[in-house]
1. Tally up the residues in the range 50-86 that are acidic (Asp, Glu) and either in contact with a helix residue (DSSP H, G or I) (Cβ under 6 Å, 6 or more places away or on another chain) or farther than 22 Å from Ala151 by Cα (or both), please.
2. So Ala111 passes all but one of these: (1) in contact with a helix residue (DSSP H, G or I) (Cβ under 8 Å, 6 or more places away or on another chain); (2) surrounded by fewer than 23 Cβ atoms within 10 Å (Cβ to Cβ); (3) more than 21 Å from Pro22 (Cα to Cα). Which condition number does it fail?
3. For Ser43, work out the one condition from (1) surrounded by fewer than 19 Cβ atoms within 10 Å (Cβ to Cβ); (2) within 20 Å of the chain's Cα centre (by Cα); (3) farther than 23 Å from Asn233 by Cβ it doesn't fulfil.
4. Can you tell which of Val59, Val70, Val92, Val24 is surrounded by 14 or more Cβ atoms within 10 Å (Cβ to Cβ) and either free of Cβ contacts under 8 Å to residues at least 40 places away in the same chain or under 15 Å from the mean Cα position of the chain (by Cα) (or both)?
5. Of everything in the range 38-58, what is within 25 Å of Leu8 (Cα to Cα) and in contact with a Cys (Cβ under 7 Å, 6 or more places away or on another chain)? Give them in sequence order.
6. Filter the range 9-56 for residues that are closer than 21 Å to Ile83 by Cβ and among the small types (Gly, Ala, Ser) and give the result.
7. State all residues of the range 151-170 that are buried (at least 22 other Cβ atoms within 10 Å of the Cβ) and part of a helix (DSSP H, G or I); if no residue qualifies, say none.
8. Just need a number here: residues in the range 209-238 that are among the hydroxyl-bearing types (Ser, Thr, Tyr) and in contact with a Cys (Cβ under 9 Å, 6 or more places away or on another chain).
Amino acid sequence: MTPQFPILDDHFHLCRRTGRGPEVIKEFMRSGGTHIVLVSLPSWSCGVVPETPDDFRTVFDETLKDAEAVRALGCGCYVLCGIHPAEIGRLVTRMTAIEAEELMKSGLEVAAEYVAEGKAIGLKSGRPHYPVDEEIWSLSNRVLSYGLTLAAENACPLQIHAESGSCADVADMAKEAGLPPEKVIKHFATCDTPLHPSATAREPFLADWFAQKKPFTMESDFMDDNTRPGAVNGPRSVPRTMQRMLQAGQVTADDMWRIHSEIPERVYGAEFRV
């Protein structure tokens, strides 16, 4: 039966090595989910120890393979490719900080190729969400700035992993790179950010955001790791939250279409329909 509304999970991971892989999408769909944005994993999650930019292709190709499997199950799936900001912590144990910076930037160039080829709809980048020294912080901001520039050049969005807070300076970085701040998705948004907020399904402010007609998207940040079941949220969390709020009268049919179709279409330039 065709779902009545689209329900999008804006930040979803799959990992055949540690979890169930694409099969877990069946749970998402049974709960009413219709689309996911599948985000590429850190290199180590795919058994990759990157030495050259092309080494990241293994990570991206595995993401694309999983996306095909998800679509075969009947779920809409779009891919984001990029370099996780936590890569820096591992890279600097094997090379200089400057070499690590260049490798991450070059890896983002490879990710941008996937966007240009139509295999991915956007990039991912960011900066550490945990304390680091000044050198690593500056380096990470240069990598993020380069990612914003690549997104502007490819007219695509960029989703960021970053610290909690508004990340207002990233909006300024985006403008300087020629990318509208509303095309920068703040993953795990819990704040009043000038970027586009993607909020997890468990946030207590969701009802207020719906009532305010705030533009945002929703995510689970599902990790697909059998050693950490439900981390960060389970695969059914977004559709279950939406169904609960709909039944409670906290959202309307118009809200469903706005948050899970109209707004993501505006952000990603892709179709989210049922």
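1. 4
2. (2)
3. (1)
4. Just one listed residue meets the conditions, Val59.
5. Leu38, Ser40, Leu41, Ser45
6. Scanning the range 9-56 gives Ser40, Ser43, Ser45, Gly47.
7. Those that are buried (at least 22 other Cβ atoms within 10 Å of the Cβ) and part of a helix (DSSP H, G or I): Ala151, Val170.
8. 0
The values are calculated or read from the model by the stated rules, or taken from the named source; none is laboratory data. Not measured: the values here are computed from a predicted model. So basically every Cβ, Gly included, is an ideal-geometry build from the backbone, and we count neighbours across all protein chains shown.
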